[in-house]
Amino acid sequence: MELRQMEYVVALADERHFTRAADLAGISQSGLSSAIRSLELELGTPLFDRTTRRVEPTAAGNALIPHARAMLDEAARARDAVVRVSRTVSGSLRVGAEQCLGLVDVSALLEQFHRRYPRIATEFAQSGSHELVEAVRAGRLDVAFVATTRHLGSLRQTPLGEEPLVLVTPPDHPLAARSSLRWDMLDGEDFVDFSASWGVRTMNDELLAAHGVRRSVRCSVNDVHTLLDLVRRGLGIAIVPQHVAAKPQAATLRTISLPGTTTPDWLVSAISPLKDTADVPAVLLLELLTPAAVA
């Protein structure tokens, strides 16, 4: 068994689809299928049941998957140990982040990194979480700070914190006087939301659909402060992470907890390639993710 094969197994187990798993692993679909078949021949048993619609792990596959994840984690730790000893302090680093993550101060982190490693040329870009995940997978970014768990595959994920989603409304909205909500109260409402590339937009779409809530997204934005301003001006209500509702720009808005206890939390993570060829500067940046850097 090879480390690369374990990466393929994890990607296929996460995606349950050969095309998506191949995209995550950076290999052709035929190459992924061939590698899985080769591993199955080596082990003498099928690892996945294939159908026209879905791929499911067999009992043998389910037995292998946790060990495959452990092997990838151990390889990453071995790489990091070498990096810590070598302490290479030159090169380049490409970092991306979604705006206003709250749970990590990316600007302060980049300042700390620049002061400690001034010879490393750092580039920084902001985008939605789904675009950032794709950029890391494609090798256009070395590290990204995202608010999504979708399609991470074998990327290395370092969770930084999580918080609940809440509803914000204008002060004169009919829901503003409510101390609690039912999902049906949101049915038919106009919403302001983030664009489709943002992780929270996907969460909102799935959450409301799961509770049968039909909504109209009247405004889609790529800026937190613009969203709050549009809500304040009465263009719609919004579901946002709790720290967004606590911003000074939201001071005049009404914040209401969402119904029930099954609402998923908004999770912020740092992601990077899980490969032994990962750049040294990326490892050094992740080492700075101490409690002081995580808000």
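What follows is calculated from the coordinates using simple rules that are stated; it is not laboratory data. Model, not experiment: these values are computed from the prediction. All Cβ positions, even for glycine, are placed from backbone atoms using ideal geometry, and neighbour counts span all protein chains on display.
Between the beta carbons of Ser180 and Asp105, assuming R0 = 25 Å, the FRET efficiency works out to 0.15 to the nearest 0.05.
Rounded to the nearest 10 degrees, the inclination of helix 59-86 to the longest alpha-carbon principal axis of the chain is 90 degrees. Working ranking of peptides 236-242, 248-254, 133-139 by packing, defined as the average number of other Cβ atoms within 10 Å per residue, highest first, is 236-242, 133-139, 248-254. Just so you know, the Cα atoms of the chain work out to an Rg and Dmax of 21.6, 67 Å.
Evaluating 6.51 cos²θ - 1.76 cosθ + 1.60 at θ = phi - 60° for every residue in the range 12-23, the Karplus couplings come out as 5, 5, 6, 8, 6, 7, 5, 5, 5, 5, 5, 4 Hz, glycine and proline recorded as x.
Grouping the Cα pair distances of the range 3-83 into 10 Å bins from zero gives a pair-distance distribution of 19, 51, 24, 6, 0 percent in increasing distance order. For the residues Val192, Val104, Val55, a GNM of the chain with alpha-carbon springs under 10 Å puts the largest fluctuation on Val55. Within the range 156-237, the proportion of Cα pairs with more than 17 Å between them is 51 percent.
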